[in-house]
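Single-structure report; data block below.
The values are calculated or read from the model by the stated rules, or taken from the named source; none is laboratory data. None of these values were measured; they are calculated from a predicted model. Virtual Cβ from ideal backbone geometry, glycine too; neighbours counted across all protein chains shown.
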Amino acid sequence: MKFTILTLFPEIVRAYFEASVMKRAVAAGLIEYELVNIRDYAYDRHRKCDDEVFGGGAGMLLKPEPLDRALEAAGAPSVRTIFVTPSGRLFNQRMAQDFSREERLNILCGRYEGVDQRIIDTRVTDEVSIGDYVLSSGEVAAMVVVDAIYRLRPGVISGESLEEESFASGLLEYPQYTRPAVYDTMQVPDVLTSGNHAQIARWRLKASVAKTLAYRPELLSKDNLPSEVDSILREVIDEGGWHEPGTSDPGRTGQK
Ligand code: 6GU
């Protein structure tokens, strides 16, 4: 799979592709990437890429001409082209799975107030927001989107890790522990060191349900959950719910 990132600040993006799991995926030939500096497609003397908004208002927009040429060279819109913007469709795991089936993806990073609408109309196929908050630029959002997508490609990380993580099951992930079994008087729950795999699975599912009820109750109304969830949910509520971080008291279920 090849990512083409179109940005005015390729140096922000480069470090991400050259470290850790992504670096290994690139070295293994699973992922390719190209960083396109939009400014290289601005042909006037000052290589100007932004301009004022027609109709007035604060901030600057990315001008159409450099963007149009850069996106044409990247194969847009025949190549699927994501524009990361706070006014896009809210990104989620299902969208990441859908994008991960493409062999090529372009990602356009906005700066300033956004981009000229004519570019969105003719070159962009998907407008994506990563959440209900405002970032100063699209590069960080683009890396969030790339990360969620590339790790789903075969061979990047193990299938087992993918299946167990949050959202794969529709619930938040259960708490996990490693050695030592007692740390500073705090003990790992006995069941996890018991070797009883059925009991461990049941403990984990219950902990997932309790945590989901506390932090993301809306996820519990989905119809894709394991069938035991209903009865476990009743148990969880009877027992007082999730323990908030930073306390040893049983927390309240619902909002903090
Ligand atoms: Cl995709 N871009 C920016 N600049 N801010 C955001 C965002 C994207 N998603 C949420 N906030």
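Residue pairs whose Cβ atoms lie under 7 Å apart, separated by 6 or more positions or on different chains, with the first residue in segment 11-24 and part of a helix (DSSP H, G or I) and the second of a type in the set (Ser, Thr, Tyr) and surrounded by 13 or more Cβ atoms within 10 Å (Cβ to Cβ), are Val13/Thr7; Phe17/Tyr33; Met22/Tyr16; Met22/Tyr150.
Annotation note: Cβ proximity below 8 Å between a residue of segment 201-228 that is not assigned by TED's automatic domain parsing to the domain that holds Gln93 and a residue that is part of a helix (DSSP H, G or I) and among the charged types (D, E, K, R) (sequence gap 6+ or interchain) occurs for Lys206/Glu235. Being modelled with pLDDT of 95 or more, within 30 Å of Gly170 (Cα to Cα) and acidic (Asp, Glu) is a description that does not apply to Glu32. Kindly establish whether Ser129 is outside the structural domain of Ile107 (by TED's automatic domain parsing), out of contact with any His (no Cβ under 6 Å at 6 or more places or on another chain) and in contact (Cβ under 8 Å) with a residue 40 or more places away in the chain. No: the conditions fail for Ser129.
For segment 124-147, filtering for residues that are more than 14 Å from the chain's Cα centre (by Cα), among the β-branched types (Val, Ile, Thr) and more than 6 Å from the ligand (Cβ to nearest atom) leaves 2. Out of the residues in segment 169-207 that are in a loop (DSSP other than H, G, I, E, B) and among the β-branched types (Val, Ile, Thr), which is nearest to the chain's Cα centre (by Cα)? Ranking the qualifying residues of segment 169-207, first place goes to Thr178. Residues that are within 16 Å of the ligand (Cβ to nearest atom) and surrounded by fewer than 17 Cβ atoms within 10 Å (Cβ to Cβ) number at least 2 in the following strands (runs of 3 or more DSSP E) confined to segment 35-105: 81-90.
Within segment 99-123, residues that are within 18 Å of Tyr41 (Cα to Cα) sit with their Cβ atoms under 6 Å from residues that are near the ligand (Cβ under 10 Å from one of its atoms) and not in a strand (DSSP E or B), at 6+ positions apart or across chains, in these pairs: Ile107/Ala142; Cys109/Gly138; Cys109/Glu139; Cys109/Ala142; Gly110/Gly138; Arg111/Ser137.
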